[in-house]
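Working notes for the structure below.
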């Protein structure tokens, strides 16, 4: 099945959400934090299964700029400096369809790691000594 094309894309800075509508009528509001922690970049996803890097301290992240990538994707420039993920229409559609499950999984992983979504607390988590 072909992925529908986007018909409308809006950044809402006040609510920190990307609103995206597709040609099949689907409409999603994706929080900036969610987009950041599910970046399709190798920095976040790794280069294979099990290499994912848990993104901590991203609660307040903003999207400073959005650039089209050809006719098939977007690239976001986040306020924390991250700008290497290419979000295809298919990936954005999948994120929208699976938002509830993906967000719940992210929160579960954060809790299991004893990590925080808050920037100051997250920095302490990232800088603590690693166990061997």
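For this structure, a couple of remarks:
- Maximal additional length on extending the residue 60-residue 27 stretch stands at 9.5 nm, based on 0.36 nm per residue less the C-alpha distance.
- log₁₀ of I(q)/I(0) at q = 0.20, 0.25 Å⁻¹ - region 22-94, Debye sum with one point per alpha carbon: -0.90, -1.27
- Gyration tensor (alpha-carbon) shape descriptor, region 68-117, a/c threshold 1.5: oblate
- Net lengthening on full extension, residue 77/residue 108 (0.36 nm per residue, minus Cα-Cα): 8.5 nm
- Rounded to the nearest 10 degrees, the inclination of helix 99-113 to the longest alpha-carbon principal axis of the chain is 10 degrees.
- Under a Gaussian network description of the chain, with springs only between Cα atoms under 10 Å, the residue in 118, 24, 60 that fluctuates furthest is 24.
- Reducing region 72-113 and region 1-69 to their Cα centroids gives an inter-centroid distance of 5 Å.
- Label zone at residue 2, where the point sits 7 Å out along the Cα-to-Cβ direction: region 66-85 residues whose backbone N lies under 17 Å: 71-73
- Measuring nothing but how far apart in sequence close Cα pairs (under 8 Å, 6+ apart) lie, relative to its length, the chain scores a relative contact order of 20 percent.
- Residue-span extension gain [residue 15 to residue 42] - 0.36 nm each, minus C-alpha spacing: 7.0 nm
- When shorter helices are ignored and each DSSP H run of at least 4 residues is given -39500 (n - 2.57), the per-residue value for the chain at 222 nm works out to -9000 deg cm²/dmol.
Here, each number is a calculation from the coordinates, and none is a lab measurement. Computed from a predicted structure; not experimentally measured. Glycine gets a Cβ as well: all are built from the backbone with ideal geometry, and neighbour counts include every protein chain shown.
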